[in-house]
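Derivation of every value follows stated rules applied to the coordinates shown; laboratory data play no part. Computed from a predicted model, the values in this text were never measured in an experiment. Methodologically, a virtual Cβ is constructed for each residue, glycine included, from the backbone with ideal geometry; neighbour enumeration extends over all protein chains shown.
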Amino acid sequence: MHLEIITPDKKVFAGEANSVTLPGSEGQFQVLNRHAPLVSTLGKGDVVIDTGAARQTYVIDGGVVEVLNNKVLVLAEAIL
Amino acid sequence: MASLKEVRSRIVSVNSTQQITKAMKMVAAAKLRRAQDGIMQMRPYAQKLSEMLATVSAGAETSGDSPLKAIRPVEKVLIVVITSDRGLCGAFNTNIIKATLALIDQKYAEQARKGNVEIFAIGKKGAESLTRRGMLVNIGYTDLFGRLSFVNVKLAAEEIMKAFTDGRYDAVDLVYNEFKNVATQIIHADRYLPIPTEARPANSKKAEVNYIFEPSEEEILTELIPKSLKIQLYRAVLDSNASEQGARMTAMDKATENAQELLKDLKLVYNRTRQAAITKEILEIVGGAEALKN
């Protein structure tokens, strides 16, 4: 699936990923390939990206995520 | 006529002034490029956010009763005025202050008479000038441009929103320069809060996708609205920043040109004076020689 993380200041991440773990405001959850369409708010916490070869972590300060057509778009307010 | 020495020293001083204005113009040009980059970086986020807002509000049953939409009789007004921290940028700040005063005069004359109009100044120049005019000015955010980033602007936006939801103000307006191009700035005086309730588009096509909303549509909506307000303010600040650099560039370009003109005139005067001095000297020598002959 294609993953993008953007903040108002810059594009933080764009690329393919196997899975991404997100700090939802109701609790942490993971999005895998071909996830159903989803919109959720995010709290403060870790975004863990598994690209197969490596694992990357970003700490975000709130935001929203949209999953549609195997594209995951994370709008974060800030990267800590 | 001025003496040779005087003219020469004026030429030197105009020359060095011209060097400064030329340098300032180039610095402004570099900063302008960076400011425009900032606007470009912000755009995808702003666009996606408004798309998402449309998606969610299409799915929501109600359009969300946010406290940020509360319409109250307008007793107390806050005007957010975005100016620059530094001067030497032409009429950039003057225009904003004029627009602010006009806004108060036309729209909030009654509230102003009761002393219920407050200014939230972003940018040192506006804060100084409006304080001098006896306005109530909140000057918490006067050095935003040195380290311009969303995080800092966010804090200002949060403070404004909190003051509004606490009922300290019944309306918030935003006055800023929009960046059109290097030479042109458009002054905007927009309503910031309460959020105007726009009619919801009936069956927008996005609603066809069956989204899972987590938590509920309404809750997401109440989360998204402040976010879009923050972006709105951030966009205004970025626009103002780019406008400032553009205005400074134009002003400094004009100043360099004027200095060039002045130099041309001064050089003419200098040469004329020098010529006159030489002519006088020759006349004296010739006159002296004539006198000796007799």
**Item:** Candidates B:GLU214, B:GLU284, B:GLU128, ranked by Gaussian network fluctuation over chain B, Cα under 10 Å, top entry
**Value:** B:GLU284
**Asked** Long-range amide H contacts for B:VAL80: which residues qualify at under 5 Å (H placed 1.01 Å from N, peptide plane, sequence gap of 5 or more or a different chain)?
**Response** B:PHE120, B:ASP173, B:LEU174, B:VAL175
**Asked** Taking every residue in B:50-57, how many Cβ atoms of other protein chains lie within 10 Å of its Cβ, on average?
**Response** 2
**Item:** the protein assembly as shown: equivalent-ellipsoid semi-axes (sqrt of 5 x gyration tensor eigenvalues, Cα, Å)
**Value:** 59, 28, 15
**Fill in**
Non-local residues with an amide H under 5 Å from the amide H of B:VAL74, with H modelled 1.01 Å from N and Pro and chain starts lacking one, are none
**Asked** Rounded to the nearest 0.05, what FRET efficiency do B:LEU136 and B:THR184 have when you use their Cβ-Cβ distance and R0 = 22 Å?
**Response** 0.10
**Item:** For region B:1-39 versus region B:60-121, the gap between their alpha-carbon centres in whole angstrom
**Value:** 36
**Asked** Which whole-Hz ³J(HN,Hα) couplings does region B:285-292 yield from phi under the Karplus relation 6.51 cos²θ - 1.76 cosθ + 1.60, θ = phi - 60°, glycine and proline marked x?
**Response** 5, 4, x, x, 5, 4, 5, 5
**Request:** Pop out the ³J(HN,Hα) list for region B:183-196 in order, Karplus 6.51 cos²θ - 1.76 cosθ + 1.60 with θ = phi - 60°, rounded to Hz; leave Gly and Pro as x.
**Result:** 8, 10, 10, 10, 7, 10, 10, 10, 6, 9, 9, x, 5, x
**Asked** Whole-Hz Karplus ³J(HN,Hα) for region B:160-173, in order, using 6.51 cos²θ - 1.76 cosθ + 1.60 and θ = phi - 60°, x for Gly and Pro?
**Response** 5, 5, 5, 4, 6, 5, 6, x, 6, 9, 9, 8, 10, 10
**Request:** Report, ordered by chain and residue number, the lysines lying within cross-link reach of B:LYS107, taken as a straight Cα distance under 19 Å and ignoring same-chain residues fewer than 8 apart.
**Result:** B:LYS76, B:LYS98
**region B:135-294: projected area of the alpha-carbon convex hull, averaged over directions, in nm²** = 18.6
**Fill in**
Going through B:LYS69/B:LYS180; B:LYS124/B:LYS154; A:LYS71/B:LYS69 one by one, the pairs whose alpha carbons sit over 25 Å apart turn out to be B:LYS69/B:LYS180; A:LYS71/B:LYS69
**Long-range amide H partners of B:TYR108 with built H, under 5 Å** = none
